[in-house]
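This report refers to the structure that appears directly beneath it.
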Amino acid sequence: MRYAEAFAAGSQTARTFAGVARAASEQGLAFRVAGTLVAVEVDVGSQVRRGQVLARLDPGDLELRRQVSAAGVAQARAQARNAHAGYERAVGLFESGSASMADLDAARAAYESAGASELSATTALRLAEQQVAYTRLLAPVDGSVKRIAVEVNEAVAAGQTVLVVIDTGGGLEVHVTVPESFIGGLARGRPAQVVFGAVGGAELEASVTEVGSAATGAGGFPVVVRLDEGGAGTRIRPGMAAEVTFAIESPAATGVLVAPRAVAQDRRGRFVYVLLPSGDDGAATVERREVETGALTPGGLEIVSGVAAGEYVATAGLRTLASGQRVRLLESEPTR
């Protein structure tokens with residue numbers, strides 16, 4: 001005989017929801033400059049190290065600009081040296097009385113202008129060198145490649161996502177959708193248990209990190225749980241299906257809660273069949289009890305009188321039961 005245990009309203013009851021594992025941190029990577037993609041050095045699923053080259057653009061045009069800037073620096077330096085020598089000669093001539101103050105001021109101005117031009121040319125060269133360096137896309141973290149969004153020989157715009165990299169050191173999260181009737185019983189920091197069937201069904205500890213404030217299109221609220229440090233294991237990967245169990249408070253009732261399917265009704269009113277265990281052999285005696293019901297809550301149907309917390313009530317085969325009947329108890333069922 002299948003049964004469920006009646007429990008006091010306001011206590012916690014376990015609720016399980018389907019979810020999907022995701023990386024706690026993943027980054028879309030893009031070039032800082034536009035160009036033609038000439039190489040992708042990794043594949044989807046590749047493990048990468050921080051600083052590793054992931055993809056490269058054709059640096060041709062930017063390399064030419066760098067060479068022009070380098071030539072500009074050489075020219076500016078030559079002009080600065082010439083202006084410095086001219087200024088030194090003007091100082092000597094002024095001290096010997098062979099040049100006027102106006103000649104000295106003109107030489108000083110030419111020298112300072114040449115120095116500024118050299119600094120400007122040097123800065124332009126650094127910028128050109130950075131532009132060339134930006135044609136290489138580097139991994140910002142240790143991780144794995146989740147997705148490659150472009151093809152070789154494709155023209156890529158600056159800021160366009162080229163690859164998505166998962167930060168393997170950032171841990172794993174599980175995203176679930178919780179119905180509105182249960183969302184009020186969840187809060188950040190509440191513990192949860194996560195089971196991944198694909199890796200042997202091991203139960204992992206987790207905690208709630210995000211509780212959505214608005215419903216999604218699926219009619220529920222998004223909730224995110226974070227697997228505890230070191231609990232995920234190396235076999236769990238983003239995208240794996242999971243079952244997440246929360247202990248949720250049963251609100252809006254003051255009596256005892258039972259599974260709604262345990263309550264039947266006939267001409268005498270509503271009633272349940274209470275199963276009274278009579279020994280260690282798994283047998284129980286059936287007892288019919290009239291009940292007064294209250295509100296239907298997310299935790300179950302409120303029983304104002306007739307059943308005590310902790311008693312077993314039948315949840316199946318109610319039409320075939322009768323008071324005094326002997327039955328054998330099978331596994332218990334969730335309340336709802």
Item checked: Max mean-square fluctuation residue, GNM over the chain, Cα-Cα springs under 10 Å, options Gly200, Gly51, Gly279 -> Gly279
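Using DSSP loop states and a limit of at most 16 other Cβ atoms within 10 Å to flag GluC sites (Glu not before Pro), what is the longest stretch of the chain containing no flagged site?
Values: sites that count: Glu41, Glu151, Glu154, Glu229, Glu331.
Counting at most 16 other Cβ atoms within 10 Å as exposed, the longest clean stretch of the chain is 42-150.
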Next item on the list: Express the relative contact order of the chain as a whole percentage, based on alpha carbon pairs under 8 Å and six or more residues apart in sequence.
Entry: 28 percent
Margin query: From Cα pairs below 8 angstrom and at least 6 apart in sequence, can you work out the relative contact order of the range 60-133, rounded to a whole percent?
Written below: 53 percent
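Size of the dipole of the chain about the Cα centre, Lys and Arg at +1 and Asp and Glu at -1 on the beta carbon, nothing else charged, in debye to 20?
Working: 32 positive and 37 negative charges, 140 e Å.
Rounded to the nearest 20 debye, it is 680 debye.
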Checklist line | Debye, to nearest 20: dipole size of the range 60-133, +1 on Lys, Arg Cβ, -1 on Asp, Glu Cβ | finding: 180 debye
Checklist line | Cα-based helix-to-principal-axis angle, 60-95 vs the chain, degrees rounded to 10 | finding: 40 degrees
Margin query: Over the chain, with a Gaussian network built from C-alpha contacts below 10 Å, which listed residue (Thr135, Thr36, Thr320) shows the highest mean-square fluctuation?
Written below: Thr320
Note to self: Once you compute Rg and the Kirkwood Rh from C-alpha atoms, what is the Rg to Rh ratio for the chain?
What the structure shows: 1.39
Check: With point charges of +1 on the Cβ of Lys and Arg and -1 on the Cβ of Asp and Glu, referenced to the Cα centre of the range 60-133, which listed residue (Leu64, Ser117, Ala107) lies farthest in the positive direction of the dipole?
Finding: Leu64
Notebook entry, point to check: What 222 nm value per residue comes from the helices of the chain, counting each DSSP H run with n ≥ 4 as -39,500 (n - 2.57) and dividing by all residues, nearest 500 deg cm²/dmol?
Noted result: -7500 deg cm²/dmol
Next item on the list: Calculate the translational D of the range 256-328 in whole µm² s⁻¹ from Stokes-Einstein, where the hydrodynamic radius comes from the Kirkwood formula applied to all Cα pairs, the temperature is 10 °C and the viscosity 1.306 mPa s.
Entry: 127 µm²/s
Check: Most mobile of Leu137, Leu321, Leu275 per a Gaussian network model of the chain (Cα springs, under 10 Å)?
Finding: Leu321
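Bear in mind these aren't lab numbers, they're just calculated from the coordinates by the rules spelled out. Computed from a predicted model, the values in this text were never measured in an experiment. Glycine also receives a Cβ, built like all others from the backbone with ideal geometry; neighbour counts cover every protein chain displayed.
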